[in-house]
Amino acid sequence: MRLYDTWIDFVNLRSEKYSENSRIPTQMDFGTAEEDAYRRDLTINSMFYNINTSSVEDLTGRGIDDLRSGKIVTPLAPKETFLDDPLRVLRAVRFGARFSFTLNEELKRAAASNDVKDALAAKISRERIGTEVDLMVSGNEPVKAIAYIYELQLFWVVFSLPHEHELTLPQECDRLCLAYMDAAWSLQQLIGSSSLIDEQRRLSLYAALFFPFRTITYKDNKGKKIPIVNYIFRNSLKRKASDAETVVSVHSAVARLLSLIPFLESNGDGKLNEDGMGTELVDIPASSKLRVLTGFLLREVKDFWRVALLISVLAYPSPIGCSEDAMLKHNELDKRKEVFQAVENAILKLGLEKIWEVKPLVTGKDVMNILQLKYGGPLVKEWQQKLLAWQLANPAGTADECLEWMRQTHSKRIKME
């Protein structure tokens with residue numbers, strides 16, 4: 001019920017019994033306060049506040065001590081606790097990371113056991129696993145949480161892959177995933193909180209965590225190639241489709257951004273690689289091509305361009321490794337921070353920060369009129385891309401100037417043909 005501005009939950013003290021294949025209790029009885037305390041996930045979560053005596057009641061006899069000493073311990077034997085409800089493993093990880101508490105050694109052995117791993121995979125819905133992981137990634141110590149998952153050998157249980165497909169993964173892939181996330185988190189701290197909002201920070205950590213999977217695909221039932229990152233988000237974690245689409249889009253942008261970084265970093269010096277751009281750049285002056293290529297890229301990734309840049313610098317000039325040398329890692333991150341800031345400043349200087357919000361000067365109907373077409377089609381789409389390239393190359397240009405350029409360019413091509 002709601003009392004003024006506060007929601008109050010009323011629950012009875014209870015004891016529970018579980019079946020082997022579900023985390024939902026098969027039998028719930030009224031219990032004593034002590035029975036209720038011992039059925040909790042962790043000793044630090046099993047204490048009561050007595051409103052009559054205004055005192056904390058620690059009925060397991062460990063809660064206060066474990067809270068003071070920073071320990072993550074289960075009230076009962078950890079394996080029994082985890083087999084009853086395997087989600088408690090992930091809760092132990094999340095609380096341990098959140099408060100920088102130490103996981104009890106017996107708890108770690110139980111969590112890493114095959115019985116508990118099998119129970120976690122079989123008894124817990126993917127939605128619940130995904131919710132716990134999302135709370136970890138959004139929390140104050142995301143790297144520590146994923147490091148616990150890696151240490152407890154739960155990585156492939158949590159981030160499960162389709163077993164019916166043979167996938168070629170990088171060597172020590174789980175360790176590499178953790179290394180990228182660690183580097184992204186550290187780089188975020190170096191860059192400062194002003195560059196990314198919370199949602200961008202959250203998805204940048206997912207993009208880093210799954211970066212080693214970026215080129216790996218599998219075929220669905222219709223033979224269509226699907227990024228494995230999409231499978232992890234949609235099937236393993238049951239997260240929303242937009243999260244998967246954003247991270248896949250960021251990964252796709254990274255490959256192209258890596259080819260632009262040397263020129264953005266050095267203010268456009270050198271010859272650009274125009275591979276994959278089709279005919280959009282054919283009639284664009286060389287001095288404007290960097291702005292055009294960068295503008296097209298930012299129009300695709302939109303508000304997440306800084307996320308794509310952050311992930312890109314983790315792979316520039318060469319991908320990070322799994323080095324344990326703290327000084328080496330620190331020096332590397334300092335260099336990558338400088339690259340991030342140089343490229344960010346270059347993009348701002350080019351006036352591209354919100355380029356995706358700029359509407360095209362020319363409509364498809366305008367294009368059809370000049371080409372004397374009754375219907376749209378691939379040719380109209382091709383010209384729209386060319387005109388957008390002209391607009392990016394001429395940020396102060398008008399619609400009339402854009403159309404005149406099209407008429408002249410179209411006329412020249414007709415004469416050449």
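Out of the stretch 206-226, which residues are within 16 Å of the chain's Cα centre (by Cα) and either open to solvent by less than 20 Å² (accessible area, probe 1.4 Å) or more than 25 Å from Ala147 (Cβ to Cβ) (or both)?
Result: Tyr206, Ala207, Ala208, Leu209, Phe210, Phe211, Pro212, Phe213.
Those residues that are at positive phi and part of a helix (DSSP H, G or I), I need them from the stretch 143-158; list them, please.
none
Take Arg239 and tell me if it is surrounded by 20 or more Cβ atoms within 10 Å (Cβ to Cβ), at pLDDT below 95 and assigned by the TED database to the domain that holds Gly295.
Numbers: surrounded by 20 or more Cβ atoms within 10 Å (Cβ to Cβ): yes; at pLDDT below 95: no; assigned by the TED database to the domain that holds Gly295: yes.
No: the conditions fail for Arg239.
Name every residue in the stretch 242-259 that is surrounded by fewer than 20 Cβ atoms within 10 Å (Cβ to Cβ) and modelled with pLDDT under 95, in order of residue number.
Once the filter is applied, which keeps residues that are surrounded by fewer than 20 Cβ atoms within 10 Å (Cβ to Cβ) and modelled with pLDDT under 95, the stretch 242-259 yields Ala255, Ser259.
The values are calculated or read from the model by the stated rules, or taken from the named source; none is laboratory data. Here the structure is a predicted model, which is why all the values come from computation and not from measurement. In this analysis, Cβ positions are derived from the backbone assuming ideal geometry, glycine residues included, and neighbour counts consider all displayed protein chains. Ligands, DNA and RNA are excluded from the accessible area calculation, which covers all protein heavy atoms including side chains. Shrake-Rupley method; radii C 1.70, N 1.55, O 1.52, S 1.80 Å.
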